[in-house]
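Peer 1: Once you've had a glance at the structure underneath, I'll fire off some questions.
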Amino acid sequence: MKIFAVNGSPNMKKGMTHILLENFLEGARAAGAEVETVFLQKKKINYCLGCFDCWVKTPGVCVQKDDMPELMEKASQADCIVIGTPLYVDGMTAQTKTFLDRMIPFADPHFELVDGHYRHPTRHKRGNPLDIVLVSVCGFYERDNFDGLIDHMERMCRNLQSRFVGAVVRPSSYIFTLEKFLSEQIKEIKEAARRAGRELVEKGTLSPQVLDDVARDYLPKEALLKGANEFWDKCIKAGKFITI
Ligand SMILES: Cc1cc2nc3c(=O)[nH]c(=O)nc-3n(C[C@H](O)[C@H](O)[C@H](O)COP(=O)(O)O)c2cc1C
């Protein structure tokens, strides 16, 4: 399986998205996948201009000169695209959304009816629909913070006539910074993320069990609230965000 993974966190290697995504991809590699990862923040990706030139003037090709052709080439060769993004204002980051908007040259402008719903045919005809996996982290405690993003991804996959394999999500992302106090729990989360990566390659699915294991609560809600507020007070006092 060829996986093309994008990391849409501006914090790149310093971010919690990177920790979750890398463990997931490590599991996929161990199961035999060929993986390529790109940090979107490092790439020049302009906003979509909405001109539709890529549909009517130069079919399949955007008029803009930036790094998107290289990313589209990688995406077109992959069996699976893994979208890594932190949750920003209940959705994906702007970097991730801009990248996805710019995938529109892959669609043909004509309409077709698929299961009673208007869709665009894809230009890149594949034997199987392209698989898409979401890997995301968020700061708040509750798993339901991801509901809006997951719904968006599911709809996007239907729109692109792709298969949404599942969402590997980790709330309370900063648990990864508490190595001193919660090393066993962090080990379990990372191990579950690697197991999810292996499942993707070996079975083509992500089991509810493995997704629960990645997202599991390890701290009582009240303890996290106290810890989080102490952390922010420390940052405010230091005048900077204290990362790992
Ligand atoms: C602009 C912005 C918006 C955010 N919005 C949310 C949010 O809606 N819900 C949430 O739980 N966390 C939110 N967060 C917290 C991030 O999801 C969290 O800090 C995450 O670890 C960031 O990923 P990174 O460490 O890879 O940068 C937000 C952070 C930023 C900077």
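Bear in mind that the values in this text are calculations on the coordinates, not laboratory data. None of the values given here were measured: they were computed from a predicted structure. Please note: Cβ atoms are built from the backbone with ideal geometry, for glycine as well, and neighbour counts cover all protein chains shown.
Peer 1: Go ahead and estimate [θ] at 222 nm for the chain from helices alone: -39,500 (n - 2.57) per DSSP H run with n ≥ 4, summed, over the residue count, rounded to 500.
Peer 2: Calculated at 222 nm, the ellipticity per residue is -13000 deg cm²/dmol.
Peer 1: Now a separate question. Which residue, chosen from 96, 169, 61, occupies the Cα position most advanced towards the positive end of the dipole of the stretch 2-219, where the dipole is computed from +1 (Lys, Arg) and -1 (Asp, Glu) charges on Cβ about the Cα centre?
Peer 2: Projecting each Cα onto the dipole axis, the largest value belongs to 61.
Peer 1: While we're looking at this one, here's another question. About its Cα centre, what dipole magnitude does the stretch 41-130 give when the only charges are +1 on Lys and Arg Cβ and -1 on Asp and Glu Cβ, stated in debye to the nearest 20?
Peer 2: 220 debye
Peer 1: On to the next question. Using a Gaussian network model of the chain whose springs link C-alpha atoms within less than 10 Å, name the residue from 140, 231, 52 with the highest mean-square fluctuation.
Peer 2: 231
Peer 1: While we're looking at this one, here's another question. Under 24 Å from the Cα of residue 221, which lysines turn up, not counting those fewer than eight places away in the same chain?
Peer 2: Within the straight-line cut-off, residue 221 pairs with 180, 187, 190, 234.
Peer 1: Per 0.36 nm of contour for each residue apart, how much would the distance between residue 115 and residue 147 grow if the chain were fully extended, relative to their Cα-Cα spacing?
Peer 2: Gain in length upon complete extension: 9.1 nm.
Peer 1: Between 173, 136, 76, find the one with the highest GNM mean-square fluctuation for the chain; connect C-alpha pairs within less than 10 Å.
Peer 2: 76
Peer 1: Report the antiparallel proportion of the DSSP beta bridges in the stretch 75-161 as a percent, rounded to a multiple of 5.
Peer 2: Among the beta bridges of the stretch 75-161, antiparallel pairing accounts for roughly 40 percent.
Peer 1: On to the next question. Post the alpha-carbon centroid distance, the stretch 86-114 to the stretch 15-39, in whole angstrom.
Peer 2: Here the two parts' Cα centres lie 22 Å apart.
Peer 1: Using the Cα centre of the stretch 1-160 as origin and beta-carbon charges of +1 (Lys, Arg) and -1 (Asp, Glu), tell me which of 1, 146, 134 is placed farthest towards the positive end of the dipole.
Peer 2: 1
Peer 1: To the nearest 20 debye, what is the magnitude of the charge dipole of the stretch 123-192 about its Cα centre, counting +1 on the Cβ of each Lys and Arg and -1 on the Cβ of each Asp and Glu?
Peer 2: 540 debye
Peer 1: Restricting to Cα pairs below 8 Å that are 6+ residues apart, what does the relative contact order work out to for the stretch 2-219? Please round to a whole percent.
Peer 2: Computed value for the stretch 2-219: 25 percent relative contact order.
Peer 1: Can I ask one more? Test of understanding: in a Gaussian network model of the chain with alpha carbons linked when under 10 Å, which of 220, 208, 109 would top the mean-square fluctuation ranking?
Peer 2: Between 220, 208, 109, it is 220 that shows the largest mean-square fluctuation.
Peer 1: Show me the trypsin sites (Lys or Arg not before Pro) within the stretch 96-136 that DSSP assigns to loop and that have at most 16 other Cβ atoms within 10 Å of their Cβ.
Peer 2: Hits after loop and neighbour filter: 123, 125, 126.
Peer 1: Can you say what percent of the DSSP beta bridges in the stretch 2-219, counting only those with both residues inside, are antiparallel? Round to 5.
Peer 2: 15 percent
Peer 1: Using the number of other C-beta atoms within 10 angstrom as an exposure proxy, rank 162, 183 with the fewest first.
Peer 2: Going from least to most buried by this count: 183, 162.
Peer 1: With +1 on each Lys and Arg Cβ and -1 on each Asp and Glu Cβ, how big is the dipole of the chain about its Cα centre, in debye rounded to the nearest 20?
Peer 2: Using only the charged Cβ atoms, the result is roughly 620 debye.
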